[in-house]
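Chemist: Just dropping this structure here.
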Amino acid sequence: MPNVGETIQSVERAAAILRLLASGPRQLGVAELARGLGLPKGTLHGILRTLVVVGFVEQDPATGKYRLGATLLHLGSSYLDVNELRARAINWADALAGRSRESAWIGTLHEGHVLVIHHVFRPDDSMQTLQVGTYLPVHASALGKVLLAHDPYGEPAAPLPPYTAATITDPERLEAELELVRARGWAAEMEELTEGEVAVAAPIKDSRGIVVGAIGIRGALERLAPEGGPRMEFVSYVRDAARAITRDLAR
Amino acid sequence: MPRPTYIAAIDQGTTSSRCIVFDRTGNIISVAQREHRQIFPRPGWVEHDAEEIWQSVQLVLAEAVGGVDGDIAALGITNQRETTVLWERDTGRPVCPAIVWQDTRTAPLTHALAEHEALFKGRAGLPLATYFSGPKIRWLLDEHPGLRERAERGEVLFGTMDSWLLWNLTGRHVTDVTNASRTMLMNIHTLAWDDDLLAALGVPRAMLPEIRPSAEVYGRTADGVPVAAALGDQQAALFGQTCFDPGETKSTYGSGSFLLMNTGDRPVVSKHGLLTTVGYQLGDTPATYALEGAIAVTGSLVQWLRDNLGLISSAAEIETLAKTVPDNGGCYFVPAFSGLFAPHWRSDARGVIAGLTGFVTKGHLARAVLEATAWQTREVVDAMNADAGLGLTTLRADGGMTADNLLMQTLADVLAVPVIRPMVAETTALGAAYAAGLATGYWPDLDSLRANWHKAAEWRPEIDEAAREREYRNWRKAVARTLDWVDEQEFQQ
């Protein structure tokens, strides 16, 4: 093992507890864990309590013994398939397009871009082309700003290319914008990708509260934001749809 | 401000019961869903517990309506068709498990009825197949001692799921004309139970519900909501897609897939393996007929890949798996699990995976599964074009599988026409809501419903004719290999 400097003892002990619980199908009590690990019961109690709170360990209510938690078992395979996300969101995306009378979009992050995974035409029966599978820039789209604001990796690759005069190209301004997106729970795109076009988006979260996608609408400036900012009516349609999908994913 | 009003629809399907609440523009306001058990007592047998289904329906109705800030103006019902429930008039309790439409136990019986084939085709508009309710009723009356006598005395009642739910919701023993058209007992021309058909199948008239139009107030729920529509699921989807004019066609992708073409006020008898069925009947107006192509296994093949092979953990992941490879790798999957339905009607067929080589991976298999749905659709579209004498120009697709973009693209490729998904993919429930809303004046007329229809997505063909023909040829070779699998002796057992 490479020498990585100082380690945190309680994390090592937590790992040892998890390894021991994973070593067989049986449940273990505190006394057995203490014997197996050569640690005092008092030390184990605090670590076990923490592991139970985060869901990595479960305590059998009848015997008081411990076993690995469901959260831990699903940790390695719990990413949400994009096609599953579309299937679960399709009714709500239709309803969003229906209510707003604009096109509805769902995107996920893919290698630094927004991948469009679902697109509902604007319901005016005009000629439109399905955009599923295309990419949008993260810093210049409402979907991208929502995804970026909640992405643990956080930053888009610099430089930030301009698409219009309104595109945010300064990393500090973008960071301030993302802070705003996190604070109010939705993002706006004011002619930053295409002149004359406005978009609004909000985050879709999975059952663990992690943002797995963004849903939004896109349309003409004069309809969505005739007086400067986006009309709040549209913002609430988008947020309602995002919440409905989030609720659905929690089931 | 007055409270908003909405229309609720119960969609009692093969795998789950749902309740969806719609607003005046046809947008979904709330949804509740609950799955029920699929009971497989023997190979080829599929049963449901009607009591469990009624419990589920009550729960989803309460949940969907409870989550809405407004009033429910009317309730519509749409249902899995042909599934046969027998219950006691006195207690309202089912006397046996419901036999589901997919169940093939009546294969020997339908063979034995072959002498009446022309009668069924001419009067009921249906081919002789295990699919329909009549033979299922007959099987139950034959197998359960004393049941026939009780049915003759009117103590035991028959109903399809619409009838079972209407009985429980309103206390009346009625069925809608579209469901009745799937029993092999109703005369498709007179829309009444037919004595010759009853005699051929040996079903007593006393056990049958009263046939009513698809849209009228049948009664009220315990909460006073008018129950104002009932339509078989595929007819409801036709209605929900606003296919009100002759020639308009829709295709619904669920467990099975069903193409229906509106043929106006006259029944068209198919020469190419399609069914003649009632599309809908609004109040006391004349009925509208439809030609139907029924495919037994499409979405349920994806479920099979998930549940029986464990290759995917959710149905939607089939697209992810299929996209790991660029094509089918030479592999074709014909899911003739309960024989082949339209346009073949071969109950002796069983499933085949053809073209296997060491090269084929689970990704190719996933492609073959999706392509099976597309090619089965192509066969039915060819039959429909031949019967109607005109070529389909676009396909209006709906149902859960329309969330699968690869499938929709593949459909456009094999049909060589654009495939369109309407704004509300839940056309089945929407159709029941539309019919209930028309019956109660929530919507004034058909034009107000047409105005609600919008295109949500469109896929255009991307492959060339040579590739299409090559693949179709291979598909047909694979289909040929499914035939003559179950032989005569096995049918007798």
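The values are calculated or read from the model by the stated rules, or taken from the named source; none is laboratory data. Every value quoted in this text rests on a predicted model; they were computed, and no experiment measured them. Note: ideal-geometry Cβ built from the backbone for every residue, glycine included; neighbour counts use all protein chains shown. For the accessible areas, the whole protein counts, side chains as well, though only heavy atoms, and no ligand, DNA or RNA atoms are used. Shrake-Rupley method; radii C 1.70, N 1.55, O 1.52, S 1.80 Å.
Chemist: Which condition does B:Ala206 not pass, out of (1) within 20 Å of the chain's Cα centre (by Cα); (2) outside the structural domain of B:Gln376 (by the TED database); (3) closer than 26 Å to B:Thr110 by Cα, if it passes all the others?
Modeler: Only one criterion is unmet by B:Ala206, namely (1).
Chemist: Under 8 Å by Cβ, and 6 or more places apart or on different chains, what pairs join a residue from region A:19-42 that is open to solvent by less than 60 Å² (accessible area, probe 1.4 Å) with one that is β-branched (Val, Ile, Thr)?
Modeler: Close Cβ pairs (under 8 Å, with a partner that is β-branched (Val, Ile, Thr)) amount to A:Leu21/A:Val57; A:Gln27/A:Thr63; A:Gly29/A:Thr63; A:Leu33/A:Ile17; A:Leu37/A:Ile17.
Chemist: Determine whether B:Asp23 is of a type in the set (Asp, Glu) and surrounded by fewer than 18 Cβ atoms within 10 Å (Cβ to Cβ). If you could, list the steps in order and put the result at the bottom.
Modeler: On the way: of a type in the set (Asp, Glu): yes; surrounded by fewer than 18 Cβ atoms within 10 Å (Cβ to Cβ): no.
Criteria not met by B:Asp23.
Chemist: Then there is this: Within the set of pairs 6+ apart or on separate chains, which have a first residue in region B:122-149 that is closer than 23 Å to B:Ala342 by Cα and in contact (Cβ under 8 Å) with a residue 40 or more places away in the chain, a second that is open to solvent by less than 10 Å² (accessible area, probe 1.4 Å) and of a type in the set (Asp, Glu), and C-beta atoms under 8 Å apart?
Modeler: Sorted first by the residue in region B:122-149, then by its partner, the pairs are B:Thr130/B:Asp103; B:Tyr131/B:Glu82; B:Phe132/B:Glu82; B:Ser133/B:Glu82; B:Lys136/B:Glu82; B:Lys136/B:Asp103.
Chemist: Being among the hydrophobic types (A, V, I, L, M, F, W, C) and over 16 Å from B:Pro94 (Cα atoms), is that true of even one residue in region B:156-169?
Modeler: Taking every residue of region B:156-169 in turn, none turns out to be among the hydrophobic types (A, V, I, L, M, F, W, C) and over 16 Å from B:Pro94 (Cα atoms).
Chemist: Of everything in region B:316-339, what is open to solvent by 10 Å² or more (accessible area, probe 1.4 Å), among the hydrophobic types (A, V, I, L, M, F, W, C) and within 14 Å of chain A (Cβ to nearest Cβ)? Give them in sequence order.
Modeler: Listed by number, the residues that qualify are B:Ala316, B:Leu321.
Chemist: Something else now. Mind checking whether some residue in region A:174-195 is among the aromatic types (Phe, Trp, Tyr), within 30 Å of B:Asn452 (Cα to Cα), in the same structural domain as A:Arg243 (by the TED database) and in contact with a Ser or Thr (Cβ under 7 Å, 6 or more places away or on another chain)? First the steps, then the outcome.
Modeler: Filtering region A:174-195 down to residues among the aromatic types (Phe, Trp, Tyr) leaves A:186.
Applying the additional criterion that residues be within 30 Å of B:Asn452 (Cα to Cα) yields A:186.
Now restrict to residues that are in the same structural domain as A:Arg243 (by the TED database): A:186.
In the following step, the residues that additionally are in contact with a Ser or Thr (Cβ under 7 Å, 6 or more places away or on another chain) were identified as none.
The answer is no; no qualifying residue exists.
Chemist: Checking the conditions here, which among A:Ala183, A:Ala166 is out of contact with any Phe, Trp or Tyr (no Cβ under 6 Å at 6 or more places or on another chain) and either in a loop (DSSP other than H, G, I, E, B) or open to solvent by less than 20 Å² (accessible area, probe 1.4 Å) (or both)?
Modeler: Values: A:Ala183 fails: either in a loop (DSSP other than H, G, I, E, B) or open to solvent by less than 20 Å² (accessible area, probe 1.4 Å) (or both).
After applying the criteria, what remains is A:Ala166.
Chemist: Is it fair to say B:Glu35 is open to solvent by 50 Å² or more (accessible area, probe 1.4 Å) and either at pLDDT below 95 or more than 14 Å from chain A (Cβ to nearest Cβ) (or both)? So that I can check it myself, show each step before the final result.
Modeler: Details: open to solvent by 50 Å² or more (accessible area, probe 1.4 Å): yes; either at pLDDT below 95 or more than 14 Å from chain A (Cβ to nearest Cβ) (or both): yes.
So B:Glu35 passes the test.
Chemist: If you don't mind, another one. Test B:Ala416 against the stated conditions and say whether it is open to solvent by 30 Å² or more (accessible area, probe 1.4 Å), touching an Asp or Glu at 6+ places or on another chain (Cβ under 9 Å) and away from chain A (no Cβ under 14 Å).
Modeler: Considered against the rule, which asks whether it is open to solvent by 30 Å² or more (accessible area, probe 1.4 Å), touching an Asp or Glu at 6+ places or on another chain (Cβ under 9 Å) and away from chain A (no Cβ under 14 Å), B:Ala416 comes out as yes.
Chemist: From B:Phe341, B:Phe333, grab the single residue that is out of contact with any Ser or Thr (no Cβ under 6 Å at 6 or more places or on another chain) and modelled with pLDDT of 95 or more. Explain how you work it out, then say what you get.
Modeler: On the way: B:Phe341 fails: modelled with pLDDT of 95 or more.
Just a single option satisfies the conditions, and that option is B:Phe333.
Chemist: From B:Trp304, B:Trp375, which residue is surrounded by fewer than 18 Cβ atoms within 10 Å (Cβ to Cβ), away from chain A (no Cβ under 14 Å) and closer than 28 Å to B:Gly273 by Cα?
Modeler: Values: B:Trp375 fails: surrounded by fewer than 18 Cβ atoms within 10 Å (Cβ to Cβ).
After ruling out the rest, the residue left standing is B:Trp304.
Chemist: Still on this structure: Which of the residues spanning region A:132-143 are closer than 11 Å to A:Leu193 by Cα and among the small types (Gly, Ala, Ser)? Show your work before the answer.
Modeler: Of region A:132-143, the ones closer than 11 Å to A:Leu193 by Cα are A:136-142.
Across region A:132-143, the qualifying residues are A:Ala140, A:Ser141, A:Ala142.
Chemist: Taking B:Thr110 and the conditions (1) open to solvent by less than 50 Å² (accessible area, probe 1.4 Å); (2) out of contact with any strand residue (DSSP E or B) (no Cβ under 9 Å at 6 or more places or on another chain); (3) closer than 30 Å to B:Leu449 by Cβ, which numbered condition does it fall short on, given that it satisfies the others?
Modeler: That leaves (3) as the condition not met.
Chemist: Would you be able to tell me the number of residues in region B:450-474 that are away from chain A (no Cβ under 14 Å) and open to solvent by less than 50 Å² (accessible area, probe 1.4 Å)?
Modeler: Quick first cut of region B:450-474, residues away from chain A (no Cβ under 14 Å) only: B:463-474.
This time we only want the ones that are open to solvent by less than 50 Å² (accessible area, probe 1.4 Å), so: B:467-468, B:471-472, B:474.
Going through region B:450-474 one residue at a time, the tally reaches 5.
Chemist: Picking from B:Leu291, B:Leu259, B:Leu231, which residue would you name as being in contact (Cβ under 8 Å) with a residue 24 or more places away in the chain, in a strand (DSSP E or B) and outside the structural domain of B:Val381 (by the TED database)? Steps first, please.
Modeler: Working: B:Leu291 fails: outside the structural domain of B:Val381 (by the TED database); B:Leu259 fails: outside the structural domain of B:Val381 (by the TED database).
That would be B:Leu231, the only listed residue that is in contact (Cβ under 8 Å) with a residue 24 or more places away in the chain, in a strand (DSSP E or B) and outside the structural domain of B:Val381 (by the TED database).
Chemist: I'd like to check which helices (runs of 4 or more DSSP H) are fully inside region B:380-452 and have at least 2 residues that are among the polar types (S, T, N, Q). Steps first, answer last, please.
Modeler: Details: elements: B:405-415, B:427-439, B:446-450.
The helices (runs of 4 or more DSSP H) meeting that bar are B:405-415, B:427-439.
Chemist: Quick check: anything in region A:20-38 within 14 Å of chain B (Cβ to nearest Cβ) and either among the aliphatic types (A, V, I, L, M) or in a helix (DSSP H, G or I) (or both)? Break it down into steps so the answer makes sense when it comes.
Modeler: Let us first name the residues in region A:20-38 that are within 14 Å of chain B (Cβ to nearest Cβ), namely none.
Checked against the condition, which is being within 14 Å of chain B (Cβ to nearest Cβ) and either among the aliphatic types (A, V, I, L, M) or in a helix (DSSP H, G or I) (or both), region A:20-38 yields no hits at all.
Chemist: Could you please find all residues in region A:81-96 being at the interface with chain B (Cβ under 7 Å from one of its Cβ atoms), of a type in the set (D, E, K, R), in contact with a helix residue (DSSP H, G or I) (Cβ under 9 Å, 6 or more places away or on another chain) and assigned to a helix (DSSP H, G or I)? Full working, then the answer.
Modeler: Taking region A:81-96 as the starting set, the residues that turn out to be at the interface with chain B (Cβ under 7 Å from one of its Cβ atoms) are A:81, A:83-84, A:86-87, A:90-91, A:94-95.
If we keep only those that are of a type in the set (D, E, K, R) too, we end up with A:81, A:84, A:86, A:94.
With in contact with a helix residue (DSSP H, G or I) (Cβ under 9 Å, 6 or more places away or on another chain) added as a condition, the list becomes A:81, A:84, A:86.
Hits for region A:81-96 are A:Glu84, A:Arg86.
Chemist: For residues that are at pLDDT 95 or above and assigned to a loop (DSSP other than H, G, I, E, B), scanning just region A:102-121, find the one that is surrounded by the most Cβ atoms within 10 Å (Cβ to Cβ).
Modeler: Ranking the candidates gives A:Glu102 first.
Chemist: State which residue is nearest to B:Arg450 (Cα to Cα) when the search covers only region A:97-142 and only residues that are aliphatic (A, V, I, L, M) and in contact with an Asp or Glu (Cβ under 8 Å, 6 or more places away or on another chain).
Modeler: Restricting attention to region A:97-142, the residues satisfying the condition of being aliphatic (A, V, I, L, M) are A:97, A:104, A:106, A:109, A:114-117, A:120, A:127, A:130, A:132, A:136, A:138, A:140, A:142.
Those left that are additionally in contact with an Asp or Glu (Cβ under 8 Å, 6 or more places away or on another chain): A:104, A:109, A:120, A:130, A:140, A:142.
Values: A:Ala104: 22, A:Leu109: 38, A:Val120: 19, A:Leu130: 23, A:Ala140: 38, A:Ala142: 33 Å.
Per the stated criteria, the residue is A:Val120.
Chemist: Would you confirm, using the coordinates I've provided, whether A:Gly144 is within 23 Å of A:Ala87 (Cα to Cα), part of a loop (DSSP other than H, G, I, E, B) and not charged (D, E, K, R)? Walk me through how you get there before you give the answer.
Modeler: On the way: within 23 Å of A:Ala87 (Cα to Cα): yes; part of a loop (DSSP other than H, G, I, E, B): no; not charged (D, E, K, R): yes.
No, not satisfied.
Chemist: Output the residues belonging to region B:378-412 that are open to solvent by less than 40 Å² (accessible area, probe 1.4 Å), away from chain A (no Cβ under 13 Å) and not small (Gly, Ala, Ser).
Modeler: B:Arg378, B:Glu379, B:Val380, B:Val381, B:Met384, B:Asp387, B:Leu392, B:Leu395, B:Thr410, B:Leu411
Chemist: Same structure, new question: Quick check on region A:194-208. Is at least one of its residues within 30 Å of B:Pro418 (Cβ to Cβ), within 14 Å of chain B (Cβ to nearest Cβ) and surrounded by fewer than 17 Cβ atoms within 10 Å (Cβ to Cβ)?
Modeler: no
Chemist: Going by the structure shown, is B:Ala342 open to solvent by less than 30 Å² (accessible area, probe 1.4 Å), within 29 Å of B:Thr249 (Cβ to Cβ), in a loop (DSSP other than H, G, I, E, B) and in contact (Cβ under 8 Å) with a residue 40 or more places away in the chain?
Modeler: Working: open to solvent by less than 30 Å² (accessible area, probe 1.4 Å): yes; within 29 Å of B:Thr249 (Cβ to Cβ): yes; in a loop (DSSP other than H, G, I, E, B): yes; in contact (Cβ under 8 Å) with a residue 40 or more places away in the chain: yes.
Considered against the rule, which asks whether it is open to solvent by less than 30 Å² (accessible area, probe 1.4 Å), within 29 Å of B:Thr249 (Cβ to Cβ), in a loop (DSSP other than H, G, I, E, B) and in contact (Cβ under 8 Å) with a residue 40 or more places away in the chain, B:Ala342 comes out as yes.
Chemist: Could you look through region A:211-226, keep only residues that are open to solvent by 10 Å² or more (accessible area, probe 1.4 Å) and over 18 Å from A:Glu102 (Cα atoms), and pick out the one that is farthest from the chain's Cα centre (by Cα)? It would help to see each step written out before you state the result.
Modeler: Quick first cut of region A:211-226, residues open to solvent by 10 Å² or more (accessible area, probe 1.4 Å) only: A:211-212, A:218, A:220-223, A:226.
Still in the list and also over 18 Å from A:Glu102 (Cα atoms): A:211-212.
Numbers: A:Val211: 1, A:Val212: 3 Å.
The residue in question is A:Val212.
Chemist: A further question on this structure: Go through region A:122-147 and give me each residue that's away from chain B (no Cβ under 14 Å) and either open to solvent by 40 Å² or more (accessible area, probe 1.4 Å) or among the charged types (D, E, K, R) (or both).
Modeler: Applying the first criterion (away from chain B (no Cβ under 14 Å)) to region A:122-147 yields A:135-147.
Within region A:122-147, A:Tyr135, A:Lys145 meet the criteria.
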